[in-house]
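Bear in mind these aren't lab numbers, they're just calculated from the coordinates by the rules spelled out. These figures come from a predicted structure and were not determined experimentally. Here the Cβ positions follow ideal geometry from the backbone for every residue, glycine too, while neighbour counts run over all protein chains shown.
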Amino acid sequence: MMIKCIIIEDEPLATEVMVDFISQVPFLILEKTCSDAIAAMKVLNEKKIDLIFLDIQLPKLKGLDFLNTLKNPPMVIITTAYHEFALKSYDYNVMDYLLKPIAFNRFMIAVQKAANHLNKEVFGAEEISNEGLFFTVNKKKARIAFHAILYIESQREQVKIVTETNSFSYPYCHQ
C-alpha cells in the first residue's frame, strides 16, 4: 500500500532531510512540501493525503493550531526541535513525535507505525506485517515487532524501548 504524504516545514535544511528520508522509503509518495500551514490547507483541499510530517513552530499558523482547524486530519507525525509540546500533541492523535535532528532509524519506526495503522484500517489487524527490530538481549538476538512498541525513550547514554509487556534498555551508539 502506498502512503501519500506532505511535509509542512519552514526550515529548508529540515525539509531537505525529510525529502531525502521519504525518497528512501518505497511505500511513501511525497505529494508536496509546504513552508507554512496555509499552503498545506490548499494541498489538503486538492489531494487525498494519508500522512503529514508537521513541524510545530511554523509562521502564520502554528502546527498544533493548524491541526485544530482540520475536521478529519490525515495521520500526523510531528517533526520538531521542541520536546515540550510532546504531551500536548497526543491530544491531536498524532502517530508519532520526532525530535530534530531526526535519525533515519527513528524516522522508519514512525513511518512503520503509520503504515501499520493504515493497514489495520484497510485490511484488518490480522494482515499486519510482523516486521520488527532486532536487539541483543542476554547475549541472544530478540525481535521486537513494530506494532508491539508503545514508545522509545532516550535516557542519556541508553535507549529504552517500551512494549505492552516489557521494557528494554540498550546502550546508545552513534552511526
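Here are the numbers for the structure shown:
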read-out	value
Whole-Å semi-axes of the ellipsoid equivalent to region 48-97 (Cα gyration tensor, √5λ, descending)	16, 12, 10
Using a Förster distance of 30 Å, the FRET efficiency for L87-E46 (Cβ separation, nearest 0.05)	0.40
Mean Cβ count within 10 Å, highest first, over the residues of peptides 146-152, 66-72	146-152, 66-72
Cα-based shape type of region 3-125, given that a ≥ b ≥ c are square roots of the gyration tensor eigenvalues and the cut on a/c is 1.5	rounded
Kirkwood hydrodynamic radius (C-alpha pairs) into Stokes-Einstein, region 1-67, 25 °C and 0.890 mPa s, D in µm²/s	205 µm²/s
q = 0.15, 0.23, 0.32 Å⁻¹: log10 I(q)/I(0) that the Debye formula gives for region 74-117, counting C-alpha atoms only	-0.34, -0.77, -1.20
Ranked by how many other beta carbons lie within 10 Å on average, peptides 4-11, 81-88, 36-43 from highest	4-11, 36-43, 81-88
For peptides 18-25, 93-100, 49-56, sequence by mean Cβ density within 10 Å, most packed first	49-56, 93-100, 18-25
